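Right, one structure below, let's go through it.
The values are calculated or read from the model by the stated rules, or taken from the named source; none is laboratory data. Treat the numbers as computed from the prediction; the structure is a model and nothing was measured. Positions of Cβ are generated from backbone atoms using ideal geometry, with glycine treated the same way; all protein chains shown enter the neighbour counts. Calculation scope for accessible area: heavy atoms of the full protein, side chains included, ligands and nucleic acids excluded. Shrake-Rupley method; radii C 1.70, N 1.55, O 1.52, S 1.80 Å.
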Amino acid sequence: METSRIPGFYNMTVDERRQLLGTMNLFTEENTEYLFSKDPLPTDTADNMIENVIGTFPLPLGLGLNFLINGKDYCIPMAIEEPSVVASASHIAKIVRNTGGFTTEATDRVMTGQIQVVGCPDFNAAKETIMKEKDALIEAANNAYPSLMKRGGGAEDLEVRLLNGESDSKYGQMLILHLYINTCDAMGANMVNTMAESLAPVVEDLTDGKVYLRILSNYPDRCLARARCVIPPDMLQTSDFSGEEVRDGVIHAYEFAASDPYRAVTHNKGIMNGIDPVVIATGNDWRAVEAGAHAHAARDGMYTSMTVWSKDEEGNLVGELELPMSVGTVGGSIRVHPIAKLAHKLLNVDSAQELAGVIVAVGLAQNLGALKALATDGIQKGHMALHSRSVAIAAGATGEMIDMISERLIDEKEIRVGKAKELVEEYKK
Ligand code: NDP
């Protein structure tokens with residue numbers, strides 16, 4: 001992608017946007033035609049993906065624009081039904097690109113497999129035995145999935161945790177073995193599960209216990225991605241608010257979320273507004289990413305803000321987001337779903353680490369978009385203006401009627417389906 005800055009994209013027709021994409025380096029005309037074909041996910045393909053298929057469920061696919069991340073431009077595919085999300089992410093990305101863009105980093109992609117052992121005659125002795133056999137266990141796990149090692153990954157570490165050892169514990173005592181596996185560019189759930197299952201018999205022998213669960217943890221706290229942005233206050237200025245007011249409002253909003261779980265849930269939902277659409281568009285497991293993200297937000301015992309917003313010595317607004325990011329660029333449905341394949345082509349990422357960084361940058365942008373609106377005009381002004389089109393469609397408006405009714409709803413400050421129905425009737429007369 002030459003640049004993700006495409007002025008006027010918002011005002012183009014869908015056909016014009018398609019044509020423009022076709023002229024860009026990474027996307028052929030054939031790709032764009034397929035993207036908008038009548039059957040982007042053929043029923044036969046869908047039938048092979050899940051069970052009891054009766055059809056497919058399309059979502060709008062938009063492009064998050066203006067993203068400059070580690071000096072590289074990205075047009076970001078986002079699959080989402082909620083208006084204003086794509087616009088807000090692109091708006092913030094435009095501000096941030098003028099300050100040098102987002103910086104991101106990601107750890108190695110180390111996923112966690114868990115093996116649960118109960119009924120050990122002596123749990124401490126069992127732990128000691130496992131730790132003594134650590135290298136042999138890691139080797140055995142790698143023998144169960146040799147191709148990963150050939151790619152430079154594989155099982156690389158192991159830990160043992162003892163749970164519920166206290167005499168008054170409500171639950172039974174158990175030994176939990178954590179197997180840490182570098183899954184390279186795959187999300188790795190199936191790989192981790194295969195390796196964890198393969199170790200079960202030898203773990204039973206070593207511990208004299210009984211193995212029950214052998215499955216990946218969706219809290220991969222050794223597979224983290226981080227994004228950061230630094231914005232001078234003058235870039236945050238609006239017609240009604242100074243940059244300093246906006247910056248301070250964002251920090252107050254963050255402090256509210258940091259200290260109150262009721263607010264943190266909504267704050268974090270706004271972050272996931274940016275993250276989920278990219279995870280979905282790239283064919284990744286968004287339930288896994290959601291679960292891991294919320295667990296990370298509660299890692300210190302209280303559910304809190306996923307982002308941190310502060311002011312540096314020069315008075316700049318500084319935003320940071322760190323999340324576990326179990327996404328892949330291969331495996332699962334990524335190479336099966338035709339639109340996911342095109343989304344990867346458009347995104348042009350070389351590795352799962354790079355994809356993870358892009359996704360957290362979008363989450364950080366989305367958070368700032370929401371906080372900036374909340375700290376100034378309120379969210380409804382922008383949101384309801386975009387929502388008015390959905391309301392007009394829900395009331396039966398079609399074609400040019402949609403824009404006309406949407407504008408009337410905004411002018412009359414009544415963005416309701418009932419009002420839109422009245423206008424549709426009026427228009428038809
Ligand atoms: P796969 O089982 O598809 O494994 C990844 C595949 O990618 C392997 O076949 C591997 O080939 C291939 N591959 C090619 N290039 C690379 C590379 N550079 N790095 C790594 N692998 C490469 O998928 P995952 O194990 O990633 O599992 C993801 C799926 O599992 C998702 O669909 C998810 O929804 C699902 N799932 C999720 C669970 C959860 O709790 N979240 C639980 C169970 C399943 P090779 O075999 O030759 O190495």
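Being assigned to a loop (DSSP other than H, G, I, E, B), at positive phi, within 16 Å of the ligand (Cβ to nearest atom) and crowded, with 23+ Cβ neighbours inside 10 Å is true for just one of 283, 332. Which residue is that? If you could, list the steps in order and put the result at the bottom.
Numbers: 332 fails: crowded, with 23+ Cβ neighbours inside 10 Å.
Answer to the selection: 283.
Would you check which residues across the stretch 116-137 are assigned to a helix (DSSP H, G or I) and not β-branched (Val, Ile, Thr) and list them? I'd like the intermediate steps shown before the answer.
Taking the stretch 116-137 and keeping what is assigned to a helix (DSSP H, G or I), we get 123-132, 134-137.
Result: 123, 124, 125, 126, 127, 128, 131, 132, 134, 135, 136, 137.
Name the single residue that is surrounded by the most Cβ atoms within 10 Å (Cβ to Cβ) among those in the stretch 176-212 being of a type in the set (Gly, Ala, Ser) and either within 31 Å of the chain's Cα centre (by Cα) or assigned to a strand (DSSP E or B) (or both).
Kept after step one, since they are of a type in the set (Gly, Ala, Ser), are these residues of the stretch 176-212: 186, 188-189, 196, 198, 200, 209.
Still in the list and also either within 31 Å of the chain's Cα centre (by Cα) or assigned to a strand (DSSP E or B) (or both): 186, 188-189, 196, 198.
On the way: 186: 23, 188: 30, 189: 20, 196: 28, 198: 16.
Once the filter is applied, the top-ranked residue is 188.
I'd like to verify a number: residues in the stretch 13-37 that are polar (S, T, N, Q), at pLDDT 80 or above and open to solvent by less than 80 Å² (accessible area, probe 1.4 Å), how many? I'd like the intermediate steps shown before the answer.
Within the stretch 13-37, the subset polar (S, T, N, Q) is 13, 19, 23, 25, 28, 31-32, 37.
Applying the additional criterion that residues be at pLDDT 80 or above yields 13, 19, 23, 31.
Right, trim to open to solvent by less than 80 Å² (accessible area, probe 1.4 Å) and you get 13, 31.
Counting residues in the stretch 13-37 that are polar (S, T, N, Q), at pLDDT 80 or above and open to solvent by less than 80 Å² (accessible area, probe 1.4 Å) gives 2.
Could you say whether any residue in the stretch 249-257 is away from the ligand (no atom under 16 Å from the Cβ), in a helix (DSSP H, G or I), free of Cβ contacts under 8 Å to residues at least 60 places away in the same chain and not aromatic (Phe, Trp, Tyr)? Even if it seems obvious, please write down each step before you answer.
Of all residues in the stretch 249-257, those away from the ligand (no atom under 16 Å from the Cβ) come to 249-257.
Then keep just the ones that are in a helix (DSSP H, G or I); that gives 249-257.
Checking which are free of Cβ contacts under 8 Å to residues at least 60 places away in the same chain leaves us with 255-257.
Applying the additional criterion that residues be not aromatic (Phe, Trp, Tyr) yields 255, 257.
Yes, the stretch 249-257 contains at least one residue that is away from the ligand (no atom under 16 Å from the Cβ), in a helix (DSSP H, G or I), free of Cβ contacts under 8 Å to residues at least 60 places away in the same chain and not aromatic (Phe, Trp, Tyr).
Run down 173, 237 and say which single residue is more than 16 Å from the ligand (Cβ to nearest atom), within 30 Å of residue 314 (Cβ to Cβ) and over 28 Å from the mean Cα position of the chain (by Cα). Reasoning before the result, please.
On the way: 173 fails: within 30 Å of residue 314 (Cβ to Cβ).
Sole residue among the options that is more than 16 Å from the ligand (Cβ to nearest atom), within 30 Å of residue 314 (Cβ to Cβ) and over 28 Å from the mean Cα position of the chain (by Cα): 237.
Which numbered condition trips up residue 292, out of (1) farther than 15 Å from residue 324 by Cα; (2) buried (at least 21 other Cβ atoms within 10 Å of the Cβ)?
The single condition residue 292 does not satisfy is (1).
Given the residues 104, 112, which is the only one that is polar (S, T, N, Q), under 30 Å from residue 209 (Cα atoms) and touching a Lys or Arg at 6+ places or on another chain (Cβ under 9 Å)?
Exactly one of 104, 112 is polar (S, T, N, Q), under 30 Å from residue 209 (Cα atoms) and touching a Lys or Arg at 6+ places or on another chain (Cβ under 9 Å), namely 112.
Within the stretch 328-382, how many residues turn out to be within 26 Å of residue 239 (Cα to Cα) and in contact (Cβ under 8 Å) with a residue 24 or more places away in the chain? Talk me through it step by step, then tell me what you get.
Here is the first cut: in the stretch 328-382, the ones within 26 Å of residue 239 (Cα to Cα) are 362-382.
This time we only want the ones that are in contact (Cβ under 8 Å) with a residue 24 or more places away in the chain, so: 362-377, 382.
Qualifying residue count, the stretch 328-382: 17.
Search the stretch 335-349 for residues being open to solvent by 40 Å² or more (accessible area, probe 1.4 Å) and assigned to a helix (DSSP H, G or I), and hand back the single one that is farthest from the ligand (Cβ to nearest atom). Reasoning before the result, please.
First, the residues of the stretch 335-349 that are open to solvent by 40 Å² or more (accessible area, probe 1.4 Å): 335-337, 341, 345, 348.
This time we only want the ones that are assigned to a helix (DSSP H, G or I), so: 341, 345.
Details: 341: 14, 345: 16 Å.
Result: 345.
Would you tally the residues in the stretch 320-329 being out of contact with any strand residue (DSSP E or B) (no Cβ under 7 Å at 6 or more places or on another chain) and either within 9 Å of the ligand (Cβ to nearest atom) or not in a loop (DSSP other than H, G, I, E, B) (or both)?
So the count comes out to 1.
Just to verify a result, which residue in the stretch 151-164, among those that are open to solvent by 50 Å² or more (accessible area, probe 1.4 Å) and assigned to a loop (DSSP other than H, G, I, E, B), is nearest to the ligand (Cβ to nearest atom)? Working first, answer last.
Within the stretch 151-164, the first condition is being open to solvent by 50 Å² or more (accessible area, probe 1.4 Å), and the residues that meet it are 151-152, 156, 159, 161-163.
From what is left, the residues that are assigned to a loop (DSSP other than H, G, I, E, B) are 151-152.
Details: 151: 5, 152: 9 Å.
Restricting to residues being open to solvent by 50 Å² or more (accessible area, probe 1.4 Å) and assigned to a loop (DSSP other than H, G, I, E, B), the top hit is 151.
Within the stretch 119-143, can you find the residues that are within 16 Å of the ligand (Cβ to nearest atom) and surrounded by fewer than 16 Cβ atoms within 10 Å (Cβ to Cβ)?
Looking only at the stretch 119-143, we keep the residues that are within 16 Å of the ligand (Cβ to nearest atom), and these are 141-143.
Hit for the stretch 119-143 is 143, nothing else.
Which one is farthest from residue 120 (Cα to Cα), of the residues in the stretch 176-200 that are of a type outside the set (Gly, Ala, Ser) and away from the ligand (no atom under 16 Å from the Cβ)?
199
What number of residues in the stretch 43-54 are without any contact (Cβ under 8 Å) to a residue 24 or more places away in the chain and open to solvent by less than 40 Å² (accessible area, probe 1.4 Å)?
Pass one, the stretch 43-54, residues without any contact (Cβ under 8 Å) to a residue 24 or more places away in the chain: 43-44, 46-47, 50-54.
Keeping just the survivors that are open to solvent by less than 40 Å² (accessible area, probe 1.4 Å) gives 46, 53.
Of the residues in the stretch 43-54, 2 are without any contact (Cβ under 8 Å) to a residue 24 or more places away in the chain and open to solvent by less than 40 Å² (accessible area, probe 1.4 Å).
Let's see how each residue does on (1) at positive phi; (2) assigned to a helix (DSSP H, G or I); (3) crowded, with 16+ Cβ neighbours inside 10 Å; (4) of a type outside the set (D, E, K, R):
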{"residue": "371", "(1), (2), (3), (4)": "no, yes, yes, yes"}
{"residue": "378", "(1), (2), (3), (4)": "yes, no, no, yes"}
{"residue": "385", "(1), (2), (3), (4)": "no, yes, yes, yes"}
{"residue": "389", "(1), (2), (3), (4)": "no, yes, yes, no"}
{"residue": "397", "(1), (2), (3), (4)": "no, no, yes, yes"}
{"residue": "403", "(1), (2), (3), (4)": "no, yes, no, no"}
{"residue": "407", "(1), (2), (3), (4)": "no, yes, no, no"}
{"residue": "418", "(1), (2), (3), (4)": "no, yes, no, yes"}
{"residue": "421", "(1), (2), (3), (4)": "no, yes, yes, no"}
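Among 246, 265, which is the only one that is touching a residue at least 60 places away in the same chain (Cβ under 8 Å) and either surrounded by fewer than 21 Cβ atoms within 10 Å (Cβ to Cβ) or away from the ligand (no atom under 16 Å from the Cβ) (or both)?
Working: 265 fails: touching a residue at least 60 places away in the same chain (Cβ under 8 Å).
Answer to the selection: 246.
Taking the condition in contact with an Asp or Glu (Cβ under 9 Å, 6 or more places away or on another chain) and within 16 Å of the ligand (Cβ to nearest atom), does residue 229 pass?
Details: in contact with an Asp or Glu (Cβ under 9 Å, 6 or more places away or on another chain): yes; within 16 Å of the ligand (Cβ to nearest atom): no.
Against the criterion (in contact with an Asp or Glu (Cβ under 9 Å, 6 or more places away or on another chain) and within 16 Å of the ligand (Cβ to nearest atom)), residue 229 does not qualify.
I'd like to know if the stretch 295-310 contains one or more residues that are touching a Leu at 6+ places or on another chain (Cβ under 9 Å), closer than 24 Å to residue 220 by Cα and within 16 Å of the ligand (Cβ to nearest atom).
The answer is yes; a qualifying residue exists.
State whether the residues of the stretch 350-359 include one that is open to solvent by 10 Å² or more (accessible area, probe 1.4 Å) and not charged (D, E, K, R). Before you say what the answer is, go through the steps one by one.
Initially, the stretch 350-359 is screened for residues open to solvent by 10 Å² or more (accessible area, probe 1.4 Å), giving 350-351, 353-354.
Now drop any that are not not charged (D, E, K, R), which leaves 351, 353.
The answer is yes, given that some residue of the stretch 350-359 is open to solvent by 10 Å² or more (accessible area, probe 1.4 Å) and not charged (D, E, K, R).
Given the conditions (1) in contact with a helix residue (DSSP H, G or I) (Cβ under 8 Å, 6 or more places away or on another chain); (2) open to solvent by less than 60 Å² (accessible area, probe 1.4 Å); (3) more than 16 Å from the ligand (Cβ to nearest atom); (4) not hydrophobic (A, V, I, L, M, F, W, C), and given that residue 220 satisfies all but one, which numbered condition is not satisfied?
Residue 220 satisfies all of (1) in contact with a helix residue (DSSP H, G or I) (Cβ under 8 Å, 6 or more places away or on another chain); (2) open to solvent by less than 60 Å² (accessible area, probe 1.4 Å); (3) more than 16 Å from the ligand (Cβ to nearest atom); (4) not hydrophobic (A, V, I, L, M, F, W, C) except (3).
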